[in-house]
Amino acid sequence: MDRFLTIGEVSRRSGVAASALRFYEARGLIASEPRGGAGQRRFARSVLRLIAFIVFAQRIGLTLDEIQAELARLPPGRAPSVRDWSRLSAPWRTRIDQRIAELERLRDGLTQCIGCGCLSLERCRFANPGDRAASRGAGPRYWLERAPAAGRKTG
């Protein structure tokens with residue numbers, strides 16, 4: 001078995017578009033090996049684990065800058081081990097819990113006004129008479145004010 005994969009093979013195995021892989025490489029999140037005679041990118045098989053890490057981190061809301069900082073904490077030249085993964089992902093639990101709480105509030109508020117101050121729904125004249133929510137700032141004030149503070153446990 002060849003120990004290197006082409007960008008097309010990495011794309012098929014990871015489910016990530018080749019254009020995204022090139023972007024990750026340009027950002028320094030992944031690296032290809034020196035190109036072969038045909039000038040084609042070649043990746044070590046271990047890049048698949050790094051890509052899985054990147055995709056998972058993005059799904060829970062980490063930015064590429066945050067992901068890059070996390071990857072910088074790893075020993076150079078290898079994909080995260082189970083121990084590395086456990087150490088890196090432990091603080092994400094709070095972030096995931098906050099996201100779950102936010103999604104639950106969104107689900108529970110789908111059928112009613114969230115107090116945006118727009119006065120466009122019949123209910124707004126009762127929940128927000130005279131557009132008093134506007135004095136609290138822009139956006140869905142009642143929604144934002146119910147959101148738990150960063151780092152505070154919910155539930």
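Each value in this text was obtained by applying a stated rule to the coordinates, not by laboratory testing. Just so you know, these numbers come straight off a predicted model, no measurement behind them. Every residue, glycine among them, receives a Cβ derived from its backbone with ideal geometry; neighbour counts consider all protein chains shown.
Between Arg105 and Ala31, take the C-beta separation as r, use R0 = 41 Å, and let me know the FRET efficiency to the nearest 0.05.
On the way: r = 41 Å, r/R0 = 0.99.
Approximately 0.50, to the nearest 0.05.
Report the calculated FRET efficiency for Glu66 and Arg132 (r = Cβ-Cβ distance, R0 = 30 Å), to the nearest 0.05.
For R0 = 30 Å, the calculated efficiency reads 0.20.
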